[in-house]
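Only one structure is covered here, and it is reproduced in the block below.
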Protein chains: 2
Amino acid sequence: MTTIEILKAAKAACPVLAGLTEEEKNLALDSMADSLEAETETILKANGLDVEAAKDKISSVMIDRLALTGARIKGMAEGIREVAGLPDPAGKVLKRIEKENGLIIEKTAVPMGVVAIIYESRPNVTSDAAALALKSGNVCVLRSGKEAFRSANAIVEALRKGLKKRGLPEELVNLVQDTSRESAKELMVADGLVDLLIPRGGPGLIRSCVENASVPCIQTGTGICHIYVDRAADQQQALAILENAKASRPSVCNAAEVCLIHREIAGEFLPKLRKKLQDCRKEAGKTPVELKLDETAAGIIEGSRAEEGDFHREFLDYVLAVKVVDSVEEAIAHIAAHSTGHSEAILTEDPEAAKKFTLQVDSAAVYVNASTRFTDGGEFGLGCEMGISTQKLHARGPMGLEELTTYKYIIRGNGQIRE
Amino acid sequence: MTTIEILKAAKAACPVLAGLTEEEKNLALDSMADSLEAETETILKANGLDVEAAKDKISSVMIDRLALTGARIKGMAEGIREVAGLPDPAGKVLKRIEKENGLIIEKTAVPMGVVAIIYESRPNVTSDAAALALKSGNVCVLRSGKEAFRSANAIVEALRKGLKKRGLPEELVNLVQDTSRESAKELMVADGLVDLLIPRGGPGLIRSCVENASVPCIQTGTGICHIYVDRAADQQQALAILENAKASRPSVCNAAEVCLIHREIAGEFLPKLRKKLQDCRKEAGKTPVELKLDETAAGIIEGSRAEEGDFHREFLDYVLAVKVVDSVEEAIAHIAAHSTGHSEAILTEDPEAAKKFTLQVDSAAVYVNASTRFTDGGEFGLGCEMGISTQKLHARGPMGLEELTTYKYIIRGNGQIRE
């Protein structure tokens with residue numbers, strides 16, 4: 001089927017899904033999870049072909065993301081069952097007004113309709129996204145990266161078998177069969193067929209969506225996260241937070257990429273920071289975190305010199321850019337000019353500085369004295385996560401099931417007319 | 001100043017506005033209202049020039065929308081004072097989570113930042129939009145239609161005088177000085193400077209925004225509203241509702257444009273409908289509502305024949321397209337293919353038909369047995385209205401102050417790091 005044919009079939013299936021009860025949706029999810037486990041062999045075989053084909057083309061970190069095992073497939077099935085256990089956001093009455101004339105107005109959460117998701121090489125995104133979409137009443141159209149296509153296709157086939165067993169149309173979960181750039185563009189401009197597009201990927205994909213998409217779109221996941229160490233910071237605390245934010249898992253979007261530090265304490269703090277980011281890696285037998293230093297920082301500690309581009313880059317690696325600033329105001333201005341709007345932190349014992357920072361920094365998550373690594377659907381109490389929105393419209397920060405719904409006003413009367 | 005210069009000044013003024021307390025914002029609004037009244041003479045003079053210049057170019061209905069009087073300016077000032085009385089949405093904690101590790105996560109409503117509004121010839125939109133933006137903590141950049149530019153400029157100058165009196169920067173309320181199409185396009189692609197774009201105008205403007213805008217945008221106001229008269233309708237009630245929805249104020253977006261009618265009752269109901277829509281206008285000494293009939297309806301009553309385009313058109317006039325359908329399913333399918341997603345109604349005493357209609361019709365407001373004319377910020381309890389969103393992302397239906405905010409997560413800790 002062409003991408004447009006798939007979208008039309010998806011759109012046509014929306015009323016079926018919107019008409020299911022929560023229990024029916026949960027049974028469908030359980031059946032999908034069972035089917036995924038039952039098809040383990042088939043999925044592993046497809047995944048093996050993907051891994052084999054990708055071996056010389058992508059890094060070993062990416063190969064690790066791509067490769068499946070029986071245990072990983074079991075984990076994916078468990079993930080689907082967990083989604084079944086989350087509360088159903090659709091149908092919830094968000095506000096109810098009873099007018100004097102007897103009209104009853106109910107602002108009611110409803111599914112978006114067709115949710116399209118463009119992602120890259122992690123096969124587990126296929127089952128996660130399908131489960132979250134289904135639970136929230138949305139028909140999903142998934143568009144996997146080329147490297148993971150065989151795996152994604154085998155997973156979707158398994159999920160569809162699960163739907164079929166429950167007597168439901170396979171078109172509730174769909175995979176675009178074309179992995180060329182063209183198919184991503186088709187999704188971006190499928191006005192009337194795509195109710196929400198979620199690109200999950202690098203800055204190139206996000207930028208392409210912003211520039212080309214005429215369908216509603218939520219930007220996700222690019223995180224140039226800043227940690228500002230104020231002159232009034234608790235420095236021991238600051239060292240622990242920076243280690244956690246940079247080095248605990250640098251490949252994720254809530255990892256810190258930039259440390260801004262107040263000039264007054266730079267001379268004292270930077271040597272300690274350098275030592276900390278060396279030691280923590282030494283314990284693991286690895287090379288230390290690379291520091292990219294601005295001119296002032298380079299006058300205090302050793303490290304490579306930062307180029308201007310380094311303050312606009314999501315390293316996703318053991319690399320930290322460091323810049324010395326004169327004030328909290330300068331830190332805020334630097335963040336305004338360089339941030340992707342994901343997560344930023346101020347480390348300070350000064351309530352005035354903290355207040356200014358939380359008020360003026362315009363990002364999804366703004367921290368005082370904590371690691372940016374907490375920006376996550378699970379940590380924020382959403383129970384799951386479809387992605388982390390870095391835009392302000394509709395959803396900001398971690399997106400759970402509620403964020404995959406819109407609302408409509410349902411108004412019931414008995415003949416009311418307006419004066 | 002060029003449009004980009006205005007946008008940069010607006011962006012720079014955001015922290016000032018975001019830092020004001022509710023009381024400070026209310027005092028600013030009162031001062032703006034006072035100043036508007038004080039400048040009545042200047043505004044009327046500018047408006048006179050607009051009206052004079054537009055006389056031969058636009059219809060008398062449009063001239064009436066454009067023309068101001070002392071009383072209308074007083075009304076605009078009252079409107080600003082009413083907005084001051086509405087609750088402030090910014091700063092409200094929407095959700096609060098206290099984690100076991102001591103982290104406190106607050107999902108907090110915050111202003112969008114810079115809100116740009118493109119509108120047409122009603123000068124009162126200038127003061128309404130400025131007041132709603134300011135109360136919700138947003139700096140507004142207004143872009144008036146060419147015909148109303150002198151009026152809008154005089155109004156904005158008056159509002160800025162009011163701001164100045166309170167010691168606030170004039171840049172909290174801005175008017176684009178260029179009324180060419182180019183300036184509208186500039187707003188659509190001012191990435192990083194416009195946080196929300198609200199086009200208020202005809203389908204051409206909305207379409208242009210959907211196609212060209214790379215900034216976040218909310219489509220508003222185009223309403224091809226349908227009323228479906230089911231076979232189980234109370235016909236007397238249906239006549240009253242159709243008269244109200246079509247003829248009480250046809251120039252507004254919540255007026256009905258299309259009547260769909262079940263085949264089983266068409267023969268009985270259509271002659272009554274025709275008479276009703278003649279009589280109601282006759283009482284006012286006006287020509288009757290024009291009916292544009294599909295083939296089946298034309299076999300039952302007199303009227304002009306509808307062309308296919310008539311079912312895609314917002315008449316905004318005493319014109320109603322009429323189509324006979326075989327079932328509620330056919331009505332739903334027709335609406336899915338032709339609606340702008342604004343407001344639709346089913347008139348029926350059959351709860352099953354009503355349930356199917358409210359579940360499957362994908363519009364901002366879905367009515368059972370009431371007039372579509374109720375879709376309005378005031379009627380829906382929002383206290384005001386910036387426009388009526390016909391999209392699903394962020395805000396749907398009437399947009400009040402809350403819909404002009406986004407949120408951010410503010411997380412306070414004392415050194416927490418993630419395991």
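Brief remarks follow.
- Per the listing B:THR375, B:THR340, the residue uniquely among the β-branched types (Val, Ile, Thr) and at pLDDT below 95 is B:THR340.
- Given (1) at the interface with chain A (Cβ under 7 Å from one of its Cβ atoms); (2) surrounded by fewer than 20 Cβ atoms within 10 Å (Cβ to Cβ), index of the condition B:LYS355 fails: (1)
- Residues that are surrounded by 15 or more Cβ atoms within 10 Å (Cβ to Cβ) and at pLDDT below 90 within the stretch B:59-71 comprise B:MET62, B:ILE63, B:ARG65, listed in sequence order.
- Qualifying residue in the stretch B:190-211 (condition: in contact with a helix residue (DSSP H, G or I) (Cβ under 6 Å, 6 or more places away or on another chain), open to solvent by 10 Å² or more (accessible area, probe 1.4 Å) and assigned to a helix (DSSP H, G or I)): no
- Any pair with Cβ under 7 angstrom, 6 or more apart, that starts in the stretch B:315-331 at a residue that is in a helix (DSSP H, G or I) and ends at one that is open to solvent by 30 Å² or more (accessible area, probe 1.4 Å) and at pLDDT 95 or above: B:VAL328/B:LYS356
- With respect to the stated conditions, A:SER35 is buried (at least 17 other Cβ atoms within 10 Å of the Cβ) and among the small types (Gly, Ala, Ser).
- When the stretch A:146-173 is filtered for residues that are open to solvent by less than 10 Å² (accessible area, probe 1.4 Å) and not in a strand (DSSP E or B), the ones remaining, listed by number, are A:ALA148, A:SER151, A:ALA152, A:ILE155, A:VAL156, A:ALA158, A:LEU159, A:GLY162, A:LEU163, A:LEU172.
- All conditions in (1) within 8 Å of another protein chain (Cβ to nearest Cβ); (2) among the aliphatic types (A, V, I, L, M); (3) over 30 Å from B:ALA240 (Cβ atoms); (4) crowded, with 24+ Cβ neighbours inside 10 Å hold for A:LEU347, with the sole exception of (1).
- Only a single item in (1) under 12 Å from B:ILE411 (Cα atoms); (2) of a type in the set (Lys, Arg); (3) without any contact (Cβ under 8 Å) to a residue 60 or more places away in the chain is not met by A:ARG373, and it is number (3).
- Sub-7 Å Cβ pairs linking a first residue in the stretch B:22-48 that is assigned to a helix (DSSP H, G or I) to a second residue that is among the acidic types (Asp, Glu), at least 6 apart or interchain, are B:GLU22/B:ASP88; B:LYS25/B:ASP88, ordered by first then second residue.
- Of all residues in the stretch B:364-389 being more than 7 Å from chain A (Cβ to nearest Cβ), among the polar types (S, T, N, Q) and crowded, with 24+ Cβ neighbours inside 10 Å, the one that is farthest from the chain's Cα centre (by Cα): B:THR372
- B:LYS74 at pLDDT 95 or above, part of a helix (DSSP H, G or I) and either under 30 Å from B:GLU41 (Cβ atoms) or open to solvent by 10 Å² or more (accessible area, probe 1.4 Å) (or both): yes
- Taken together, B:LYS135, B:LYS99 contain a single residue that is more than 14 Å from chain A (Cβ to nearest Cβ) and at pLDDT 95 or above, which is B:LYS135.
- Residues that are of a type outside the set (Phe, Trp, Tyr) and touching a Lys or Arg at 6+ places or on another chain (Cβ under 9 Å) are absent from the stretch A:68-79.
- In the condition set (1) over 17 Å from A:ILE261 (Cα atoms); (2) out of contact with any Ser or Thr (no Cβ under 7 Å at 6 or more places or on another chain); (3) not in a loop (DSSP other than H, G, I, E, B), A:ILE335 is compliant with all but (1).
- Checking each residue in the stretch A:111-128 for being more than 18 Å from A:MET188 (Cα to Cα) and either among the hydroxyl-bearing types (Ser, Thr, Tyr) or surrounded by fewer than 24 Cβ atoms within 10 Å (Cβ to Cβ) (or both) picks out A:SER121, A:ARG122, A:ASN124, A:VAL125, A:THR126, A:SER127, A:ASP128.
Residue by residue, here is whether (1) open to solvent by 10 Å² or more (accessible area, probe 1.4 Å); (2) modelled with pLDDT of 95 or more; (3) assigned to a loop (DSSP other than H, G, I, E, B) holds:
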| residue | (1), (2), (3) |
| --- | --- |
| A:THR222 | yes, no, yes |
| A:GLU243 | yes, yes, no |
| A:LYS246 | no, yes, no |
| A:CYS253 | yes, no, yes |
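- Residue under evaluation A:ALA297, criteria (1) open to solvent by less than 70 Å² (accessible area, probe 1.4 Å); (2) within 14 Å of chain B (Cβ to nearest Cβ); (3) assigned to a helix (DSSP H, G or I); (4) small (Gly, Ala, Ser), criterion not met: (2)
The values are calculated or read from the model by the stated rules, or taken from the named source; none is laboratory data. If you're wondering where the values come from, they're calculated on a predicted model, not measured in any experiment. Reconstructed Cβ throughout: ideal geometry from the backbone, glycine too, with neighbour counts over all protein chains shown. In case anyone asks, the SASA skips ligands and DNA or RNA and just uses the protein heavy atoms, side chains included. Shrake-Rupley method; radii C 1.70, N 1.55, O 1.52, S 1.80 Å.
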